Protein chains: 2
Amino acid sequence: MSTLSESQRQTLLQPLLSSGWSMVDNRDAITKKYQFSDFNAAFGFMTRVALKADKMNHHPEWSNVYNRVEVTLSTHDCGGLSRNDVDLAVFCDSL
Amino acid sequence: MSTLSESQRQTLLQPLLSSGWSMVDNRDAITKKYQFSDFNAAFGFMTRVALKADKMNHHPEWSNVYNRVEVTLSTHDCGGLSRNDVDLAVFCDSL
């Protein structure tokens, strides 16, 4: 797994940055805040992402306070954003 | 739900502070970092806590990075630590 090329950043990352994801300061990572109706919905989202993430063996950094979930994605193995982060971000948005 | 009395802090809170929980700076809240064997174990813990928390209608502030989970407990309604925080902390430790 390697970091995204400049071309991939244009074609794959840019659409995410236009749909609520943003770059993390001083890191090659993206983050997004989701808000749900209540804790049940927020943790339901987390559970669906957790199953996907564990299957991908690619895990988010995330936090939850009641109905809010903040997700940060980056790839430890390559020290930055990889295709896995794009795929997991797209999955999060699909839920 | 009211904040813990001084007497409750001695009898209920002190044992938690002696077993890995610590006070959060500038807040009447407690926090603890748990470490598990892998993401499956960490998210399994979170799922068990989530079911309990939603039943109590008392939810943690928490974050997860791979096999690590950081839990912070405080009670919004009373602006500080309540009996619910003690009960949820004890439950977390029991898992």
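Does the range B:46-65 include one or more residues that are among the hydroxyl-bearing types (Ser, Thr, Tyr) and more than 10 Å from chain A (Cβ to nearest Cβ)?
No, the range B:46-65 contains no residue that is among the hydroxyl-bearing types (Ser, Thr, Tyr) and more than 10 Å from chain A (Cβ to nearest Cβ).
When the range A:30-74 is examined, which residues are found to be in contact (Cβ under 8 Å) with a residue 40 or more places away in the chain and either closer than 24 Å to B:Asp54 by Cβ or crowded, with 19+ Cβ neighbours inside 10 Å (or both)?
The answer is A:Ile30, A:Thr31, A:Lys32, A:Tyr34, A:Phe45, A:Arg48, A:Val49, A:Val71, A:Leu73, A:Ser74.
One residue is enough: does the range A:20-38 have a residue meeting the conditions within 11 Å of chain B (Cβ to nearest Cβ) and within 25 Å of B:His58 (Cα to Cα)?
Yes: one or more hits.
Given the criterion touching a helix residue (DSSP H, G or I) at 6+ places or on another chain (Cβ under 7 Å) and away from chain B (no Cβ under 11 Å), identify the matching residue among A:Cys92, A:Cys78.
A:Cys92
Tell me whether the range B:39-60 contains one or more residues that are among the acidic types (Asp, Glu) and in contact with a strand residue (DSSP E or B) (Cβ under 9 Å, 6 or more places away or on another chain).
Scanning the range B:39-60 turns up no residue that is among the acidic types (Asp, Glu) and in contact with a strand residue (DSSP E or B) (Cβ under 9 Å, 6 or more places away or on another chain).
Give the residue that is nearest to the other protein chains (Cβ to nearest Cβ), with candidates limited to residues of the range B:4-15 that are part of a helix (DSSP H, G or I) and either in contact with a strand residue (DSSP E or B) (Cβ under 6 Å, 6 or more places away or on another chain) or polar (S, T, N, Q) (or both).
Filtering first and then ranking leaves B:Gln8.
Computed from the coordinates by the stated procedures, all read-outs in this text should not be read as laboratory data. What you are looking at is a predicted structure, and each value in this text was computed from that prediction instead of being measured. Backbone-built Cβ (ideal geometry, glycine too); neighbour counts: all protein chains shown.
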